[in-house]
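One structure is given below, encoded as C-alpha cells.
The values are calculated or read from the model by the stated rules, or taken from the named source; none is laboratory data. Values in this document were obtained by computation on a predicted structure and should not be read as measured data. As a convention, Cβ positions derive from the backbone with ideal geometry for all residues, glycine included, and neighbour counts pool all protein chains shown.
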Amino acid sequence: MEENGFKKGDVILGYYEVLDEIGEGNFGKVYKVKALRGRYKGKIFALKVANNPYAITYLWKEAQTLILFHHPNIISLQSYLYKKDKKELYLIYEYMDFGTLKDYVESKGKLSEEETLRVLKHVVNALEYLHSRGYIHSDVRPENVIGKRVFNTVIWKLGDFGLIRIRGDVSVIDVKGALGFIAPEVFRGEIHRSSDIYSLGCVTYYMLTGEIPFKGETIKEVKEKNKKGVVEIPEHLSDNYIHSDVRPENVIGKRVFNTVIWKLGDFGLIRIRGDVSVIDVKGALGFIAPEVFRGEIHRSSDIYSLGCVTYYMLTGEIPFKGETIKEVKEKNKKGVVEIPEHLSDKMKNLLRKMLEPDYRKRFRTAKELKEYLVAEGLA
C-alpha cells in the first residue's frame, strides 16, 4: 500500500479493484471496491484498511465482534484478513450506497419529525440487538449511522464498532466518542447501555435541528457543557408522540446517590399522533390498550398501558388472568380490569381513570394525568 493509500484502479489482495475512496474514519481509510473473481465476482463492497498498531487494535476488536452479528440494522462484515508481513488489517463490509446520516442531514439542513422517527426506529432496533447480548456500542453518532437504498426506501444501519464494549467491562474508559454525542457519565469513567441511549438522543436532536445539542465558542466550552449533559429542548418540536410499548421491561432504573431515577426506554414502536400507517399489535400482552387491537392508537393508549404497569407494581400481576394466552388476549381486548379492594380509595380512583376501556373517557395526555396526581396529593 502506498503511503497515501490506494488509488482508483489498484487491486487489493489480488481480489478487489478500487473504484473510489469513500472516506477516512478514526481507524483507517475506506474504499469502494469491486470483487474481481470468485462467487462474489462483480459485487460491490466497502473495504477498510489499517496499517498502524493503534488503529489495528480497535479494528481487530471490531472485526472479531462484528463478524458474529447478523441484524438488518447493523452493517454486516463480509470477512477480514490480517497480513503479518505488512502488518495491515483489511475489513470487507457490505457497501452502503446512501451515505452517512451526517451527510444526509447536512444536505437537508434538518429532518422532519416523521423522517427522524423512521431513522430512530432503525437505530433503536440495532441497539436493542446489541444490548440484549450484553454489548455497548460506545460511539453512536451521525457518522456511524449509514443508509442503504432498498427499492424505494432507505434502510439505516449502525456501523463502526471499534469502541464496542461488553457490559461490565472494568477496563479503563478512554473518552474517544464524538464531542457533542457523549453521555455525561462517560467523562466520569462510567459507561452503561443507557449511555448509548443518551448518544442516540443527541443524534435525534441533531436530526431535528441540524446542530449538536451543546453550543460553545470553543471546544473547551462545548466539552464542559457535554460533561454536564443538560440539553435545552427546542420549543418548535411537537409533543405529539405515542410510545406504544409502555410495560415493566421498558421502565429502567438508575441509581443516583441514595435514590433511583426511573426512565422510559425502548422506542422501537414510537409513533407520531395522527400517523395513519397500519398498526401492528406488537406490545406486551397484558399491557396493551383495547383500542390498539381494533387498529386505533392515541396518546391515551400510553396512559392505559401505564395503568397496567401501575396495577402490576401494586399487585405483582398483570391485570388480565387466564388459563391460556388466548383467554388473556380476549380479556385484554375488552380492557375491563377489576380493581383490587385492598387499595386506598385514591389509588382505586386513579386506576379506574387510567384503565377506562373507552379511550375518550380516559386521561387524554400525560399532562392531564400529572395534573390529576398533583390535585389529589399523589405526587
Q: Report yes if ASP97 is farther than 20 Å from LEU66 by Cβ, free of Cβ contacts under 8 Å to residues at least 60 places away in the same chain and not polar (S, T, N, Q), otherwise no.
A: no
Q.
Please go through region 136-152 and give me each residue that is in a strand (DSSP E or B) and surrounded by 20 or more Cβ atoms within 10 Å (Cβ to Cβ), ordered by number.
A. ILE136, VAL145, ILE146, GLY147
Q.
If I ask for residues that are touching a Lys or Arg at 6+ places or on another chain (Cβ under 6 Å) and under 17 Å from HIS192 (Cα atoms), which ones from region 213-258 would you list?
A. ILE252
Q. Condition test on ILE297, is it modelled with pLDDT under 90, under 27 Å from HIS122 (Cα atoms), of a type in the set (A, V, I, L, M) and buried (at least 21 other Cβ atoms within 10 Å of the Cβ)?
A. yes
Q) Being over 18 Å from PRO248 (Cα atoms) and under 31 Å from the mean Cα position of the chain (by Cα), is that true of even one residue in region 321-328? A) yes
(Q) Is it the case, given these coordinates, that HIS131 is at pLDDT 90 or above and in the same structural domain as LEU47 (by TED's automatic domain parsing)? (A) no
Q.
Looking at region 11-40 only, could you name the residues that are modelled with pLDDT of 90 or more and part of a loop (DSSP other than H, G, I, E, B)?
A. LEU36
Q.
Which numbered condition in (1) within 28 Å of THR365 (Cα to Cα); (2) touching a residue at least 40 places away in the same chain (Cβ under 8 Å); (3) surrounded by fewer than 18 Cβ atoms within 10 Å (Cβ to Cβ) is the only one that GLU249 fails?
A. (2)
Q. Of all the residues that make up region 220-249, how many are of a type in the set (D, E, K, R) and under 28 Å from ASP302 (Cα atoms)?
A. 6
Q) In region 212-225, which residues are surrounded by 14 or more Cβ atoms within 10 Å (Cβ to Cβ) and either without any contact (Cβ under 8 Å) to a residue 40 or more places away in the chain or in the same structural domain as ALA366 (by TED's automatic domain parsing) (or both)? A) ILE212, PRO213, PHE214, GLY216, LYS225
Q.
Need the failing condition index for ARG364 against (1) in a helix (DSSP H, G or I); (2) surrounded by 14 or more Cβ atoms within 10 Å (Cβ to Cβ); (3) basic (Lys, Arg), just the number.
A. (1)
Q) Hey, does region 126-134 have a residue that's crowded, with 21+ Cβ neighbours inside 10 Å, touching a residue at least 60 places away in the same chain (Cβ under 8 Å) and of a type in the set (Gly, Ala, Ser)? A) no
Q) Quick one: SER171 ticks every box in (1) modelled with pLDDT under 90; (2) in contact with a Pro (Cβ under 9 Å, 6 or more places away or on another chain); (3) surrounded by fewer than 19 Cβ atoms within 10 Å (Cβ to Cβ) bar one, so which box is it? A) (2)
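Let's see how each residue does on (1) of a type outside the set (Lys, Arg); (2) surrounded by fewer than 13 Cβ atoms within 10 Å (Cβ to Cβ); (3) assigned by TED's automatic domain parsing to the domain that holds THR116; (4) at pLDDT 90 or above:
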position: ILE272; (1), (2), (3), (4): yes, no, no, no
position: CYS308; (1), (2), (3), (4): yes, no, no, yes
position: ILE325; (1), (2), (3), (4): yes, yes, no, no
position: LYS346; (1), (2), (3), (4): no, yes, no, yes
Q: From the list SER79, SER107, pick out the single residue that is assigned to a helix (DSSP H, G or I) and without any contact (Cβ under 8 Å) to a residue 24 or more places away in the chain.
A: SER107
Q. Which of (1) more than 20 Å from LEU264 (Cβ to Cβ); (2) without any contact (Cβ under 8 Å) to a residue 60 or more places away in the chain does PRO357 not meet, given it meets every other one?
A. (2)
